[in-house]
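These notes concern the structure reproduced below.
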Amino acid sequence: MLAKFNEHFAKRELESVSSEEVLSFLVGLNDGCNQLTKHTRYSYLKAFFNFIRNNLDEQLQNPCDSPMLKKLFKPGKLGRWQIHEKETIDEIIFRTTKVRNRLMLELMARGGMRVGEVLKLAAMDVEDQKLTIRNPKSGKLSEVVFIPKKLADRLKDYIRARGMEGDQRIFPISYTAARVMVRKADTLVGVHLRPHDLRRHAATYASRSGVPVEIVSKVILRHANLSTTQRYLGKVSDVEAVRWIENLYG
């Protein structure tokens, strides 16, 4: 985000940037984003100006300190996400008979991929168990996703069987069609499922299985900081708590 800010105000002195210009920049940057993302980006920018003031220029006025910006970019209320059991996700995947749909579900549930990342995936992005995500949400040039070998083999077979190569998209459907596909899949077991629930499942299942939170954060979810990852990890239900206690002491 700071790279985009620097690009936007490349020829300007920081002290000349006004609160109104910061507002205009953030509104354009956050188009279509949820309130939590808007707040996070605003906080990064505010912290950047504070760093400059505290370390380089004590006279610098932070344009992010305006009451208007604080009000517009205050953190939204965090929703309570339902975390589905592994058995439920497995049943949804195993009962999905269309190869394309099953691969998409598994990439989200086993690889922790966002639905948009799955849809952008091209044939040239697949290398053994490593997938390259180009122009990811983080703003980096690329990121890497690791997937299980069985899934990687079936994905490569799917690509090969259809003669896909180069920058040809593996799943050339729209975002809306992908959401509908997930909704139809959840009717197989009678649960409410959204694409991002599969990504959250990947993180929560890994965490519950003993994977260090740093690996969950940096490898599976590819988050910039651990605090974001903590919001993804589901609340422990009473049933799960009892099961863990029984596994430990039963």
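Miscellaneous remarks
- Residue tally, condition touching a helix residue (DSSP H, G or I) at 6+ places or on another chain (Cβ under 7 Å), surrounded by 15 or more Cβ atoms within 10 Å (Cβ to Cβ) and charged (D, E, K, R), over region 157-210: 4
- Restricting Ile133, Ile170 to residues that are within 16 Å of the chain's Cα centre (by Cα) and assigned by TED's automatic domain parsing to the domain that holds Ile93 narrows the list to Ile133.
- Hits in region 219-250 (condition: of a type in the set (S, T, N, Q) and either at pLDDT 70 or above or in contact with a strand residue (DSSP E or B) (Cβ under 8 Å, 6 or more places away or on another chain) (or both)): Asn225, Ser227, Thr228, Thr229, Gln230, Asn247
- Only helices (runs of 4 or more DSSP H) whose full extent lies in region 24-97 are considered here, and the ones with at least 3 residues that are at pLDDT below 85 are 35-55.
- Of all residue pairs spaced 6 or more apart or on separate chains, those with beta-carbon atoms under 6 Å, a first member in region 57-71 that is over 15 Å from Tyr44 (Cβ atoms) and a second member that is outside any loop (DSSP other than H, G, I, E, B) are Leu60/Glu15; Leu60/Ile52; Leu60/Arg53; Ser66/Ser19.
- Residue check for Asp197: under 29 Å from Met1 (Cα atoms), of a type in the set (D, E, K, R) and modelled with pLDDT under 95: yes
- Failed item in (1) part of a helix (DSSP H, G or I); (2) among the hydrophobic types (A, V, I, L, M, F, W, C); (3) loosely packed, with under 13 Cβ neighbours inside 10 Å; (4) over 23 Å from the mean Cα position of the chain (by Cα), with Ala10 passing the rest: (1)
- Some residue of region 116-126 being without any contact (Cβ under 8 Å) to a residue 40 or more places away in the chain, assigned to a strand (DSSP E or B) and buried (at least 20 other Cβ atoms within 10 Å of the Cβ): no
- Tallying residues that are aromatic (Phe, Trp, Tyr) and exposed (fewer than 11 other Cβ atoms within 10 Å of the Cβ) within region 138-156 yields 0.
- Residues of region 146-195 classified as under 15 Å from Val115 (Cβ atoms), of a type in the set (Lys, Arg) and not in a loop (DSSP other than H, G, I, E, B), total: 4
The values are calculated or read from the model by the stated rules, or taken from the named source; none is laboratory data. All values reported here derive from a predicted model rather than from experimental measurement. Neighbour counts are summed over all protein chains in view; Cβ atoms, including those assigned to glycine, are modelled from backbone coordinates with ideal geometry.
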